[in-house]
Amino acid sequence: MKIDVISASAGTGKTHRLTGDLTKALLDGSARPEGVVAITYTVKAAGELESRIRESLLKAGRPELAARIRDGYIGTIHSVCQRLLREFALEAGLSPWLEPIPEPERKRLFDVALASVLAGREGPLNELARRLEIEDWKEILLEIVDAGRANGMDRAALERSAAASRAGLEKLLGKPTLDNVTYLEKLDRTLRPLLAKLEEQARETGQAASKKRAAAARRLVADLNRGLVPSWKSQFQLAQEVDMKKLRTWSAEYVDLANEHHASAGFHDDVLGMQAQLFALAGEALGTFVAEKTAAGVVDFGDMLARAREVLERPAVREALRDRLDLVLVDEFQDTSPLQLAVVSALAGLARRSIWVGDRKQAIFAFQGTDPELMTAATEAALGGRTPDILASSWRSRPDLVAMTSELFARALAPHGFPDDQVRIVAAKPDHPRLRDQGAFECWRWMPEKVERNGKDVKASEPDALGAGVAELLSNPPLVRERGNAEVEAVRPASFRDVAILARSNARCQQIAAALRARGIPAKVSLGGVTLTPEGVLARAALALLADPRDGVAALQVAWLGGAASSDPDGWLSRRLLEIASWRATAKAAEGKGEHRPPAPLAFEDDGRVAGLRKAVAAAERLSPAQALDLALRTAGVAELVRSWPEPAQRVANLEALRAEAAAYEQLCEAQRSAATMLGLVAHLASLDAGDDAGKQAAPSSEDAVTVLTWHKAKGLEWPVVVLSHLDFSRERGVFEVAVEPAPRFDFARPLEGRWVRYWPWPYGGMSKELALLDRALETAEARRATEADRRERLRLLYVGFTRPRDLLVLVARCTEKSGPATASLDLLVGAKGEPLLAAPFEDQAGAAIGVGQQEWRCRVRTPSGLPPATPAPARSAVQWYASAPRAERPRERLNPSAEPLAGTPRVVQVERLGGRHALAASPEQAGPTGDAIHAFLAADQGGTQEARLTMATRILKAFRVVGAVAPDTLLAASDALRTWLDARYPGATWYREWPVRARLGGPTPRLVVGDVDLFLELPDGFVLVDHKSFPGSERERDRRLVEEYAPQLGWYARVLADALKKPMKAAFVHLPIRGEMAQVAL
C-alpha cells in the first residue's frame, strides 16, 4: 500500500495538480481508466475533474483513454459506494437496485422511529429537562444518533458509549453528600421565609431589583406548592441575587444550601438520569430507524457508506478489487467523515497507489460530523514519517494578500501543530502593473450611534454599515483582475458581482441582504420558503389544477397571481361571488321542483390560464409528475409571467429549484418503490421545510449582485473582493456538548475502532460563570481536548475567510471610544506566547497599515455609517408581482449547433470522392446507433496493426448493438481514406478528435454553445473543420442537407474555435464515409 499526501493550501492549484497526476498515470500506463477511483467532495467537482482529465487526454492525442475515463469510479464518496454495492450486490447479499433516499425523507423516517420510541416517555423527560433547563432535548438526542451513525456505531456501540460517558460524568460530579429528601426539606424551610422577606422589601422600597428578586423566589415556591422541584439553575440564580450584605441576615441559610446544590443526590440523579435516558433512547431510536428503513425497503447515504465498508471487508470482493484498482485519488481529504475514512482506508489497502489531496487548515465542517483530528491522525499514519508533497504557490491572490495571510497564519497555527512549510506560500505571479498603487486591504469601522427619525429612535447596525460601505466602495470601484490563464490578466473596475460579504449565521446574511437592497444594491442570499414565494404558490397551484380541475382554491391562486385581478380586484372577486350565489339559487330552485341539482360552475373558467390548464388535464394524465409540472408551467406561461415581476432572475431560478425538487420527488418514490403522482408531488412541495436545503430558494447565478453567505459556505469559492463581517461573533463549543472521543491509539486498518460518543448534560441553561461544576469540568482532559479542538476549528475558519479574496480583503468592526473595535473572532490570532498577531488599523487615519509582527501592508480605512438610509431605495409595488406582461420572445439560452440556423447563405463548393461507396444494412431503428458507432471508431482509430484495428471496430459495433449494419472493414477503409486525403492536403497538421466545445457568445442576449467537434486540424495560420455524417441517401438530398442542416452546425463551431484559437478557419468539410465522399462547404 502506497499513499502519497499532497498538502494544497488555498488557491495553490489543487485541481490542476489532481488533473496532472491522474493524466500522467493514465498516459504512462501505471493506471487504467477503469482502474481509477477519484473521490471528490461535490458532484460539481467530480464533473469538473472528469472534464479536465478528458480534455488533457484529448490534447495528448489519446482519445481512446478519454473515451474510457467514465469506466472508472469518479464521483462523490456516496456515488462511488453506490456503484461498488451494485457491482458486488451478490457478494453483499443486496439487491443491485440501490437508490438512497433524500435527506428530507431520512429525517421523516427518523421522526417516525423516534415517535414510536418516545410513546409515553416524553412527559418524564420534559420534566427532567425543565429541572435541568435543557431547552430542546430532542435536538441533543439527534446529535447523539448522528454522531453514532457518522462513526459507524450500532446500538451496542452506543451502549458502550453510554457507559464510558457515565463513568466520566460520575467522576466529575463526585459522590453526593446530601440526600435528596433532606435537601428538599431544607429548601422548603429556607425558601418560604426568604420569600416573605423579599416581598416585604419589594413593597417597602418599590425598587425594580427588589421586585425582581421577590418574583424569582415566588416562582420557586410555586413549584414547591405544585409538588415540583424548582430548576437547579433558578435555585442557584436566586442565591446569587440575594447573596449581598444587606440581605445576608435572613438569606444566608438559603444561599449556603443553594451553593451546595451540586452535592445533593437529587442533582446527581437528574444529570445522570438525563444522560442515561438520552443514550438509551438514541440506541432504541437507531434500532427502530433501521427497522423502519428495512420495512420501507430503502437506504440512506449513511447506510451506503456502512454497507460499502462491510463489502470491502469480504475476501472475494477484496480479491476482485485488488486486481482492478490501480489508483485511488481522494480530493478534499480533510473534509472526510469518520465513516467515509473507513471506506477510503479500505480502498487504499487494495489499490496499487493512493493520492490524498487536502488542506487540514481548511477542515471546518466538524459541526457536520467530520473529525479534523481523526483526519490528521490518518494522514500521519499514511505518511509513515514522510513529509507530504506541498503546493506552495498561490495562483489566486495578489502578492500582498498571500504574504499577509501566510505570515499571520503561520504564526497563529504553529502552536497547534501546523508546520511552517504547510502554511507559508508565495504568490505565483507578480502584482499586476495597474494594481501596484492600489492597496489589497481595507478596514471599515462603524459607530453604534442613534438618531431620531419621525419620532422614533433609529439605531446603527452592522448590516446597514455594510450597505453604506459597499455603496462607497463601488462609487469609485477598485480595479479587479479577470480570471484567466494569461501571464498578465486583464483588469477592470469592480461591479456588484465581484463582491462577497461573509457572516457567521444565515439570519445575519438575510439582514445584510435586506440592508443592501434598501440602498438599491442587488444581493444574492440563500432564502427559505421557495414554495411560499408568489412563483412557488403559482407553480404548485397550476400543478394542482392539472391534478384536479375542480380545485377551486388552485384556480383562484392561478387567476389571482396570473394578473386577472390586477386592474379591478374587487370587481374580479365580486363576479365570482355573484356566480356562486346565482348557482346556489338555481340549485335550490331545482331541489324544490324535485329535479337534480345543476353542477357547480368551474371556478374562474373565464381566466385564460385556468381554462388552458383544464384543457391540458388529459395530456397531463400520460406524464410523470415532473413532466406534468413542466406542462403546467408552460400552459400557464409561468416563466414568461415571472420575468415581468420584480427580481426576475431570482424568480426564474426558483422555478428551476421547484423543477429539481419534482425530479427529487420521483427519485424518492423510486427508492420507496411507490407510485409517483401529481397529487403526491403537490403534497410533497407543500411539505417542504423552509429551513432544509430542499425548501430554500435558489440563488440566480448570472445576476450582477453582491453575494452574501456564511463563512462556512464560502469554502472552495473565491471573489475579487471579500468583506469579512460579524467579527464580534465569539461562541465557543464546550465540554458539555455532544462529542466523539478518540481511540487511545489510531489503527489505520480499523480507523473507527475505539471511538465513542460522550455527552454530559449541562444543567444551568445559559449560565456560564461562578459555577463549581464548570470549574471542575474545565480541569478535565475531556475539556482540554474539546477546548483545543474548538480553537483549532475556529482558527481554520478564519483561515478560510482570509484566503477567499483575489484582489481586496475588507475587515469590518463596530468601534467605540471606550472599547475599541469589537473583533472577538480575531482574538484567536495569537502567537506561541499568547501575543496578538494582527494589528488592524480601525482608526480613521491617513497612511494606515495592517500589520503582522514587524511587517506591514497598506490599508485604507473607511467609516461607513451604520444608520439605515434616510430615504430607502424606492420599493417596487407589490401589484407588479401579479400584473401580466406582454410575452417576450427570447431565444433559448443553450444553443444546439446541430439544430440552430445560422445567418448567411452557405453553399456547396465541391464534392470529392474518397473511394467507393460502402454497404449499409442498418434498419431505421439502427440508423442513429450506427452513426454513433462510425463516429466512435473515427475518433478512436489511431492506426496500428490491421488485426488490432479490426478488433476495436468489432468491439465498437457490438457496444452500439449494430453488428451487421456495417462491416468492420468498412470502418477501417473509411478511416484510412479520410487520413490519406487530409494528410495530402494538410501535412503536419495537429488533429483534434471529438473536441468538447462550450462557449458563451456575446450579443444582446448572450447564449451558450455546447457540443462536440468531430474533428478539426490546427495549422500554424488557421484551422480546418471536419464533420462526419453517416448519411447514405441520394445526391439531391445530400446537397439539401449540406446547405440546410450540416453547414449551420459547422458555422457555429467555426465561430467558437476562431474566437478560442485566435485563428481564422481555412476550410470546412463534411465527411460522408458511407457515400465515400468529402464535401467542402462555404459558410
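Going by the conditions given, is Thr405 surrounded by 15 or more Cβ atoms within 10 Å (Cβ to Cβ) and not assigned by TED's automatic domain parsing to the domain that holds Pro477? Yes, satisfied. Residues that are of a type in the set (S, T, N, Q) and free of Cβ contacts under 8 Å to residues at least 24 places away in the same chain within region 235-258 comprise just one, Thr249.
Just checking, how many residues over region 186-206 are under 53 Å from the mean Cα position of the chain (by Cα) and surrounded by fewer than 16 Cβ atoms within 10 Å (Cβ to Cβ)? I'd like the intermediate steps shown before the answer.
Filtering region 186-206 for residues under 53 Å from the mean Cα position of the chain (by Cα) gives 187.
Filter once more, keeping what is surrounded by fewer than 16 Cβ atoms within 10 Å (Cβ to Cβ): none.
Looking only at that region, the number is 0.
Number of residues in region 475-507 that are more than 20 Å from Gln650 (Cβ to Cβ) and assigned to a helix (DSSP H, G or I): the value is 1. Considering the conditions (1) modelled with pLDDT of 80 or more; (2) more than 21 Å from the chain's Cα centre (by Cα), Lys715 is excluded by exactly one of them, (2). Can you name the condition, by its number, that Val908 falls short on among (1) touching a strand residue (DSSP E or B) at 6+ places or on another chain (Cβ under 9 Å); (2) surrounded by 11 or more Cβ atoms within 10 Å (Cβ to Cβ); (3) assigned to a loop (DSSP other than H, G, I, E, B); (4) modelled with pLDDT under 95? Just one mismatch for Val908, condition (3). Candidates Gly1076, Gly1003, Gly1011, Gly1022: the one that is surrounded by fewer than 21 Cβ atoms within 10 Å (Cβ to Cβ) and without any contact (Cβ under 8 Å) to a residue 24 or more places away in the chain is Gly1003.
One line per residue, one yes/no per condition, for (1) surrounded by fewer than 21 Cβ atoms within 10 Å (Cβ to Cβ); (2) more than 23 Å from Trp991 (Cα to Cα); (3) among the aliphatic types (A, V, I, L, M):
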| position | (1), (2), (3) |
| --- | --- |
| Ala933 | no, no, yes |
| Ala940 | no, no, yes |
| Gly944 | yes, no, no |
| Glu947 | yes, yes, no |
| Met952 | yes, no, yes |
| Phe960 | yes, yes, no |
| Ala974 | no, no, yes |
| Ala977 | yes, no, yes |
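Pairs meeting the criteria (first residue in region 905-925 and without any contact (Cβ under 8 Å) to a residue 40 or more places away in the chain and closer than 27 Å to Val966 by Cα, second residue of a type in the set (Phe, Trp, Tyr) and not in a loop (DSSP other than H, G, I, E, B), beta carbons under 9 Å, at least 6 apart or on different chains) are lacking. Meeting the requirement of 1 or more residues that are surrounded by fewer than 19 Cβ atoms within 10 Å (Cβ to Cβ) and not assigned by TED's automatic domain parsing to the domain that holds Leu668, the helices (runs of 4 or more DSSP H) wholly within region 286-354 are 301-311, 315-324. Output the residues belonging to region 581-610 that are surrounded by fewer than 14 Cβ atoms within 10 Å (Cβ to Cβ) and among the aliphatic types (A, V, I, L, M). Scanning region 581-610 gives Ala581, Ala585, Ala589, Ala590, Ala600. With respect to being modelled with pLDDT of 95 or more and acidic (Asp, Glu), Asp827 falls outside the description.
Can you confirm whether Gln422 is under 22 Å from the mean Cα position of the chain (by Cα) and among the polar types (S, T, N, Q)? Break it down stepwise before answering.
Values: under 22 Å from the mean Cα position of the chain (by Cα): no; among the polar types (S, T, N, Q): yes.
Spelling it out, it is not the case that Gln422 is under 22 Å from the mean Cα position of the chain (by Cα) and among the polar types (S, T, N, Q).
All of Leu902, Leu950, Leu1001 fail the test of being modelled with pLDDT of 90 or more and among the hydrophobic types (A, V, I, L, M, F, W, C), apart from Leu950. Of the residues making up region 78-86, at least one is surrounded by 15 or more Cβ atoms within 10 Å (Cβ to Cβ), of a type in the set (S, T, N, Q) and assigned to a helix (DSSP H, G or I). Cβ separations smaller than 7 Å between residues 6+ apart or across chains give the following pairs from region 643-660 residues that are touching a residue at least 60 places away in the same chain (Cβ under 8 Å) to residues that are of a type in the set (D, E, K, R) and part of a helix (DSSP H, G or I): Trp645/Arg651; Arg651/Glu535; Asn654/Glu535; Leu655/Glu535. Before we move on, is Val423 among the β-branched types (Val, Ile, Thr), over 23 Å from Ala514 (Cα atoms) and crowded, with 22+ Cβ neighbours inside 10 Å? It is true that Val423 is among the β-branched types (Val, Ile, Thr), over 23 Å from Ala514 (Cα atoms) and crowded, with 22+ Cβ neighbours inside 10 Å. Among the residues of region 1-48, those that are over 30 Å from Gly385 (Cβ atoms) and modelled with pLDDT under 90 comprise Thr42, Val43, Lys44, Ala45, Ala46, Gly47, Glu48. Check off (1) buried (at least 19 other Cβ atoms within 10 Å of the Cβ); (2) at pLDDT below 90; (3) outside any helix (DSSP H, G or I); (4) under 29 Å from the mean Cα position of the chain (by Cα) for Ile521 and give me the number that stays unchecked. Condition (2) is where Ile521 drops out.
Assess whether Arg993 counts as being touching a strand residue (DSSP E or B) at 6+ places or on another chain (Cβ under 7 Å), at pLDDT below 90 and not β-branched (Val, Ile, Thr).
Details: touching a strand residue (DSSP E or B) at 6+ places or on another chain (Cβ under 7 Å): yes; at pLDDT below 90: no; not β-branched (Val, Ile, Thr): yes.
So Arg993 fails the test.
Summed over region 455-477, residues that are closer than 21 Å to Leu809 by Cβ and either acidic (Asp, Glu) or under 30 Å from the mean Cα position of the chain (by Cα) (or both) total 12.
Selection within region 604-656: residues that are on the phi > 0 side of the Ramachandran plot and within 36 Å of the chain's Cα centre (by Cα). The member of this set that is modelled with the lowest pLDDT is Glu647. Residues that are part of a helix (DSSP H, G or I), closer than 15 Å to Leu679 by Cα and among the acidic types (Asp, Glu) within region 604-659 comprise just one, Asp630.
In region 802-829, what residues are in a helix (DSSP H, G or I) and either within 15 Å of Cys443 (Cβ to Cβ) or without any contact (Cβ under 8 Å) to a residue 60 or more places away in the chain (or both)? Even if it seems obvious, please write down each step before you answer.
Our first condition is that a residue be in a helix (DSSP H, G or I); within region 802-829, this holds for 802, 824-828.
Across region 802-829, the qualifying residues are Phe802, Ser825, Leu826.
Does Ala216 satisfy the condition of being within 30 Å of Asp775 (Cα to Cα) and either surrounded by 12 or more Cβ atoms within 10 Å (Cβ to Cβ) or modelled with pLDDT under 95 (or both)? So Ala216 passes the test. For region 87-108, taking the residues that are in a helix (DSSP H, G or I), surrounded by fewer than 19 Cβ atoms within 10 Å (Cβ to Cβ) and of a type in the set (A, V, I, L, M, F, W, C), the one that is farthest from the chain's Cα centre (by Cα) is identified as Leu90. Going through (1) within 18 Å of Asp335 (Cα to Cα); (2) not in a loop (DSSP other than H, G, I, E, B) one by one, Val402 falls short only on (1). Against the conditions (1) within 26 Å of Glu105 (Cα to Cα); (2) among the charged types (D, E, K, R); (3) touching a helix residue (DSSP H, G or I) at 6+ places or on another chain (Cβ under 7 Å), Asp335 satisfies every one except (3). Scanning region 772-808 for residues that are surrounded by fewer than 17 Cβ atoms within 10 Å (Cβ to Cβ), more than 32 Å from the chain's Cα centre (by Cα) and not charged (D, E, K, R) yields Ala772, Leu778, Thr780, Ala781.
The values are calculated or read from the model by the stated rules, or taken from the named source; none is laboratory data. Source: prediction; values computed, not measured. Glycine also receives a Cβ, built like all others from the backbone with ideal geometry; neighbour counts cover every protein chain displayed.
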